[in-house]
Amino acid sequence: MNSAPSPDPAGTGALLGPADVRELAGALGVRPTKQRGQNFVIDANTVRRIVRTAGVRPDDVVLEVGPGLGSLTLALLESAERVTAIEIDDVLAEALPATVRARLPERADRFALVHADALRVTELPGPEPTALVANLPYNVAVPVLLHLLAGFPSLERTLVMVQSEVADRLAAAPGSKVYGVPSVKAAWYCEVKRAGAIGRNVFWPAPNVDSGLVSLVRRERPVATSASRDEVFAVVDAAFAQRRKTLRAALAGWAGSAAGAEEALTGAGIDPRARGEALTVEEFAAVAEHRPKREGDGA
Ligand SMILES: C[S@@+](CC[C@H](N)C(=O)[O-])C[C@H]1O[C@@H](n2cnc3c(N)ncnc32)[C@H](O)[C@@H]1O
């Protein structure tokens, strides 16, 4: 019997296991920071599960945010046509193309790295992305998600890993305690649902909270309204800035007066005594349409 040690004792193939992550981080001198939400996945089964849950197809052009050391990137590259990843960290951004070339050389020409803050990215190299799959940096997860959904309408399917509590908020339905600005804004673009839970022990370093997967599928038909997205989002922001108040009171500043807010709400068929947490995105759009005209508004 040949007793030579297996070149892949953990059975992860090209993917990164716990020892690979620590070794790569050590070689690069990476010390994960909370400020940048750096918790790296060390479990190949978890990244395989994320790719499977995202429904990544061989013709997908996948956008990833925060590839870090490449745990998820490598699994995405094994399944997709192309992967474009946006990384803010200088050391990680510089190292990742070499990691991809070393571990998955036959797919390396399908990978592009954009060294930037995802919140500032408005253009990407190569073909339009069809899917967003990411273990998002937790401190900027919602703004990054909304920025990319707005900026890249070609993104049909999204699967993101976020803090469990943020996952609940994104996928919340009207009437739920955690329904709020992220829920309504995400619903403007997509059908949103929770797609599973992820424990802390699959990360290095382990975070203090559990994580959750959220699936967002672009709406077939956008919300039917004559109001613009920004007009609708202005009502949403105002309604939840004072979420304990009735909409009549909470929207007074937005409408110019409480009477104006009442006019907009009744015009939209909404009880002025209701609270923002009761309204669907379509109802917020109807309120935006009925905002009373004010001096200074365009003709
Ligand atoms: C939770 S880690 C995920 C790392 C890797 N995808 C994984 O699953 O192991 C978040 C990553 O996002 C990066 N990051 C943080 N803020 C960012 C931003 N504004 N734009 C792009 N990348 C960011 C961090 O440097 C880090 O690599």
Subset of region 121-153 (residues that are within 14 Å of the ligand (Cβ to nearest atom) and more than 15 Å from THR84 (Cβ to Cβ)):
ASN135, LEU136, PRO137, TYR138, ASN139, VAL140, ALA141, VAL142, PRO143, LEU145, LEU146, HIS147
Could you check how many residues of region 26-70 are within 11 Å of the ligand (Cβ to nearest atom), surrounded by 15 or more Cβ atoms within 10 Å (Cβ to Cβ) and assigned to a loop (DSSP other than H, G, I, E, B)?
13
If ARG110 passes every condition in (1) out of contact with any Lys or Arg (no Cβ under 7 Å at 6 or more places or on another chain); (2) surrounded by fewer than 19 Cβ atoms within 10 Å (Cβ to Cβ); (3) not small (Gly, Ala, Ser) but one, which one does it miss?
(1)
Within region 137-155, is there a residue that is closer than 25 Å to SER215 by Cβ, assigned to a strand (DSSP E or B) and among the aliphatic types (A, V, I, L, M)?
no
Listed by first then second residue, the pairs whose first member lies in region 97-124 and is part of a loop (DSSP other than H, G, I, E, B), whose partner is at pLDDT 95 or above and of a type in the set (Ser, Thr, Tyr), with beta carbons under 8 Å and at least 6 positions apart or on separate chains, are LEU124/THR84
Can you name the condition, by its number, that ALA187 falls short on among (1) over 30 Å from ARG48 (Cα atoms); (2) assigned to a helix (DSSP H, G or I)?
(1)
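The values are calculated or read from the model by the stated rules, or taken from the named source; none is laboratory data. Nothing here was measured: the structure is a model prediction, and the numbers come from that model. Virtual Cβ from ideal backbone geometry, glycine too; neighbours counted across all protein chains shown.
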